[in-house]
Amino acid sequence: MLIDRLKAGGPAIAKQGILVAFILFMIVFSVMSDRFMTTGNVMSVFRQATIIGVIALGVTIVVIGGNLDLSVGSMLSFATVLVVDLHDKIGPELAIPVMVLATLCLGAINGFLIGILRLNSLIVTLGMLSVIQGLVLIYSGGQNVDIANQTDTWFRFFGRGAIFGVATPIIIFLGLALVFHVIMTRMPFGRRVIAVGGNPTASVFSGVPRSRVVFMTYLISALCVAVAAMILGSRVMGSQNNVGQGYELQVLAAVILGGTSLLGGSGSILRTVLGVLMLAFIQNGLILMGQPYYTQWLVTWAVIIIAVWLDVAAKRGRLFSPIA
Amino acid sequence: MTDTNTPALQLQGIVKTFPGVRALDGVDFDVRPGEVHALLGENGAGKSTLMKVLAGMYQPNEGRILIGGQPVQISNPIEAKAQGVVLIHQELSLVPEMSAAENIYLGELPRKGMGRVNWKELYARSNAILERLKCRFRAEVTVANLSIANQQMVEIARALTVDARVVVFDEPTASLTDAEKVVLFDIINDLKSQGVGIVYISHRMDEIFTLSDRITVLRDGQYRGTLTTAETDEDAVTRLMIGRSLDLSRNEAAPDFGKTMLEVRNLSCAPLFEDVSFTVREGEVVGFYGLVGAGRTEIAETLFGLRTPDSGQVFIDGQEVTIASAQDAIGLGISLVPENRKEQGLVLQMNCRDNMTLPQVHNLRAGPFLSNGAELAIFDKYRDKLEIKTPSWKQTAGVLSGGNQQKIVIGKWLSMQPRVLIVDEPTRGIDVGSKSEIHQLLRDLASQGYAVIVISSEMPEVLRVSDRIVAMYHGRVMREFEIDDVTEDSLVQAISGIKASEPA
């Protein structure tokens, strides 16, 4: 019985539930479509998932710290438009640092308002989502931007290059995931983020610099957006004004699917990676099965709800409960 | 067989296990109609778990529950209440924005057609219950505007909306004044005379001996026995509870004070406290005694860098210091064990070790990484020193008993090797066994040369642990007493704002 299994192996299932679901999906799609489990398809899905993936890594840290970041989508539009536009004007060697700095400034504004002034992160980042989208339109005057000479620039390396036959975006994504995983599990900063997300008051009473920690999580989130913008700009060699629109929800979906608690204080970088891949493969699988692209929204939502439910059920040891 | 001989409630052979812990190990318990049956045990002995089983919040692994002689299955608190079993919680669980009446009938508001609330009926019934409890407020008032004691009355009133057979009081007097306790005891006796079975959980021996007819003791999840109150005494109960006698004497070793470690001059943070001056020497315990709201906690928070004073000076080891943040305070060797361990002391979902090492986690490194060995060394040292009972360092702090949680917090701050240790209400909500251990620990720390400040609202506690007592009233220091000169009367006068007539 499911309930007995949940009771017996509660925490174990909660930990592995997403992995089990992931494998199940892969098997189902492999059976339903012979194109699904080909190296070409898998690598291409993986590569496409890296944009959402890299951003989700940063947002995972923000969420573990007890906050939200909904501004990452329009921040991605901002960063991508900026780096692509400046590429031809001042060259990639200057365009990249300028874009990174500008994006970090946006992250610092989030961090200041939420970390230092202690304003509600939902309100602040929802506002920033609109503000930054406005900034992009002011900057670009509504025009889309692109890079004139797309074949000869070394900037193509980030999105289109490969190292030992593995696409650069995949290496960047996995490398960053590993670094963040180590930071969150093996370094003092990670421990402090978990403490602040788990109980901000007790953290302050333990001498944890709460404001600074929260501020840093938003800088990290912005840094991830900057990296994602390099991959995206380099892959497309151009950018629309609203290229990142809606990314914030996909990112959040991946983070939740990875089992990171929206209440803060617990979560895992590696499981976010699983969440990202699962979302990407579900979407790809549905398309290969000939479903219209919007069915993926429905399926994604259902998968998230079930994942969250199983997670909560495992924690309280039963599927339904009138009390916490 | 008359009705009074059938127990109102019987629990037989209840076993409840959690991962790694056998919280209840075959516990028997029964309550007869019209008796007060006290349930005693140290924190972690299983009292709360047993009551949660009774209320249907936990399902027992083994054993059965009988109500009025009939075996029943209780799967949630609503069912429990329908069976006439009502739990009055230790922590208030009221909705502060609603009226007393709405809280009393929460979830079962009287209705009229179309699902509309029958307000007239609601208020009439609620007021009738409040009158029965001799409350002097009306059911129409918003709960947030009531005192804690009156909120507790609302909680009790909730229990009386059904024909209760058994009412469980879990530490009901924790936040009540002496006058309010008298009212509560009247209510309990009143319920008793109406044939209701009362389960009374408390750490306070005097209350248990005034109120109860029988006493059942649990230890480490096991049933230790049931005593008839009239035929036993405190010592016998304590022995059953902690397996030994309590040493309640003061440590009379000649005090050996070192140099002044902390000096506070004219510290003000209006309107919380004003013009506060005192000193603490090495090897000395200074007790801060006063009523809730006298400004003692606020002084501690100011010394710990969490509040900014308007004026005044603080000296540590003779040097004037500025403390602008908790990090400053920690750097200067000040530690604060805060008054509310669940909200301020611990990150409940973090494990025991991580909680303990949190203030110094950035220093416990091997290269850039956390040093597992250094963290475990600290945890093991203070687990052994403070005898913290936990199956592993990986245990989530939230599942430990109150006493063990408090020891984790104390261990956290001792591991910082503080020069000044401030302890705010160290034994609030902690059983007598752990309490006396913590008192002994505070005395030991002083004899090791720590400068200790103990903030407490319990007179026996300050009298037992302090070398000197600072009495506060409304944010001001009223008097300072050497422990040998203090009398209970003079102390009570000082914290009530009555000026001492004798010259200093």
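Of all residues in segment B:182-214, those that are more than 18 Å from residue B:149 (Cβ to Cβ), in contact with a Lys or Arg (Cβ under 9 Å, 6 or more places away or on another chain) and either in a helix (DSSP H, G or I) or aliphatic (A, V, I, L, M) (or both) total 3. The one condition from (1) in contact with a helix residue (DSSP H, G or I) (Cβ under 8 Å, 6 or more places away or on another chain); (2) touching a residue at least 60 places away in the same chain (Cβ under 8 Å); (3) farther than 30 Å from residue A:195 by Cβ that residue A:86 does not meet is (2).
Listed by first and then second residue, the pairs with beta-carbon distance under 8 Å, at least 6 apart or on different chains, first residue in segment B:62-79 and surrounded by fewer than 15 Cβ atoms within 10 Å (Cβ to Cβ), second basic (Lys, Arg), are B:71/B:64.
Filtered by the rule that a residue be surrounded by fewer than 19 Cβ atoms within 10 Å (Cβ to Cβ) and not hydroxyl-bearing (Ser, Thr, Tyr), segment B:444-460 gives B:444, B:448, B:449, B:458, B:459, B:460.
A quick yes/no check of all residues on (1) outside the structural domain of residue B:69 (by TED's automatic domain parsing); (2) surrounded by 19 or more Cβ atoms within 10 Å (Cβ to Cβ); (3) modelled with pLDDT under 90; (4) more than 28 Å from residue B:189 (Cβ to Cβ):
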site: B:15; (1), (2), (3), (4): no, no, no, yes
site: B:22; (1), (2), (3), (4): no, no, yes, yes
site: B:37; (1), (2), (3), (4): no, yes, no, no
site: B:46; (1), (2), (3), (4): no, yes, yes, no
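Here residue B:385 does not qualify as in contact with a helix residue (DSSP H, G or I) (Cβ under 7 Å, 6 or more places away or on another chain), surrounded by fewer than 20 Cβ atoms within 10 Å (Cβ to Cβ) and either farther than 26 Å from residue B:299 by Cβ or of a type in the set (Phe, Trp, Tyr) (or both). Screening residue A:169 on (1) buried (at least 22 other Cβ atoms within 10 Å of the Cβ); (2) more than 18 Å from residue A:219 (Cα to Cα); (3) within 12 Å of another protein chain (Cβ to nearest Cβ) shows it passes everything except condition (3). Within segment A:197-218, being within 9 Å of another protein chain (Cβ to nearest Cβ) and aliphatic (A, V, I, L, M) holds for A:202, A:204, A:208. Contact map, segment A:96-122: first residue modelled with pLDDT of 95 or more, second residue of a type in the set (Phe, Trp, Tyr), Cβ cut-off under 6 Å, separation 6 or more or different chains; pairs are A:107/A:218; A:110/A:218; A:111/A:215; A:111/A:218; A:115/A:215. Restricted to helices (runs of 4 or more DSSP H) entirely inside segment B:317-431, those with at least 2 residues that are under 25 Å from the mean Cα position of the chain (by Cα), touching a residue at least 60 places away in the same chain (Cβ under 8 Å) and more than 10 Å from chain A (Cβ to nearest Cβ) are B:402-414. Of all residues in segment B:278-303, those that are surrounded by fewer than 22 Cβ atoms within 10 Å (Cβ to Cβ) and aromatic (Phe, Trp, Tyr) total 1.
Before we move on, is residue B:309 within 12 Å of chain A (Cβ to nearest Cβ) and modelled with pLDDT under 95? Walk me through how you get there before you give the answer.
Numbers: within 12 Å of chain A (Cβ to nearest Cβ): no; modelled with pLDDT under 95: yes.
For residue B:309, the condition - within 12 Å of chain A (Cβ to nearest Cβ) and modelled with pLDDT under 95 - is not met.
Could you list, in sequence order, all residues of segment A:242-261 that are touching a helix residue (DSSP H, G or I) at 6+ places or on another chain (Cβ under 7 Å) and within 14 Å of another protein chain (Cβ to nearest Cβ)? Passing the criteria: A:259, A:260.
The values are calculated or read from the model by the stated rules, or taken from the named source; none is laboratory data. Predicted model only: the values in this text are computed from it and were never measured. Quick reminder, even Gly has a Cβ in these numbers, built from the backbone with ideal geometry, and neighbours come from all protein chains shown.
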